[in-house]
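Report on the following structure.
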Amino acid sequence: MALENRRTSRQSKRRLGSTAGTARVVVANVNHPGKRRAVDGAKYRAMRRAILKVLPSNAPGLPLSDALAAVLGRLPAKLFPGGAHAGWWFKTVQLDLEAKRVIARTRTSPLRVHRL
């Protein structure tokens, strides 16, 4: 009985996570077609909003380093304190938006991205 209670307690903590009440979002990766992963919805939406605000709508777009620098100032401090993990989230959302054909990359050096 005690083991069952502990298991239930762990499961409910896992479900709540660090951002209680936030739905998860399934993301794709343009480099791995067919592979999907569920991520924190609030962080995904905040990063997506910031990326789409900073990217130009015409080619050649912004280099990834410039886009990340521009996005950092638009992220909510509550979700990304001091820009924590912003690079990982930027890349995850960028690859998801490419897979969903919301943004595109221009094959130049350095790599550039723009909205479609």
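Details
- Candidate set from region 24-57 (those that are surrounded by 13 or more Cβ atoms within 10 Å (Cβ to Cβ) and assigned to a loop (DSSP other than H, G, I, E, B)); member that is nearest to the chain's Cα centre (by Cα): Asn29
- Listed by first and then second residue, the pairs with beta-carbon distance under 9 Å, at least 6 apart or on different chains, first residue in region 35-54 and touching a residue at least 60 places away in the same chain (Cβ under 8 Å), second basic (Lys, Arg) and part of a helix (DSSP H, G or I), form an empty list.
- Any hit, region 51-60, residues being touching a Gly at 6+ places or on another chain (Cβ under 8 Å), over 17 Å from Trp88 (Cβ atoms) and not charged (D, E, K, R): yes
- Within region 60-76, the presence of at least one residue that is among the small types (Gly, Ala, Ser), assigned to a loop (DSSP other than H, G, I, E, B) and free of Cβ contacts under 8 Å to residues at least 60 places away in the same chain is confirmed.
- Of the numbered criteria (1) under 15 Å from Arg101 (Cα atoms); (2) modelled with pLDDT under 95; (3) β-branched (Val, Ile, Thr); (4) touching a strand residue (DSSP E or B) at 6+ places or on another chain (Cβ under 8 Å), the one Val30 fails is (4).
- Looking across region 85-112, the residues that are in a strand (DSSP E or B), out of contact with any Pro (no Cβ under 7 Å at 6 or more places or on another chain) and more than 14 Å from Ala50 (Cα to Cα) come down to Ala104, Arg105.
A quick yes/no check of all residues on (1) more than 10 Å from the chain's Cα centre (by Cα); (2) over 18 Å from Arg115 (Cα atoms); (3) of a type outside the set (Asp, Glu); (4) at pLDDT below 95:
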position: Thr8; (1), (2), (3), (4): yes, yes, yes, yes
position: Lys13; (1), (2), (3), (4): yes, yes, yes, yes
position: Ala59; (1), (2), (3), (4): yes, no, yes, yes
position: Trp88; (1), (2), (3), (4): no, yes, yes, no
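The values are calculated or read from the model by the stated rules, or taken from the named source; none is laboratory data. Quick caveat: nothing in here was measured; it's all calculated off a predicted structure. Glycine gets a Cβ as well: all are built from the backbone with ideal geometry, and neighbour counts include every protein chain shown.
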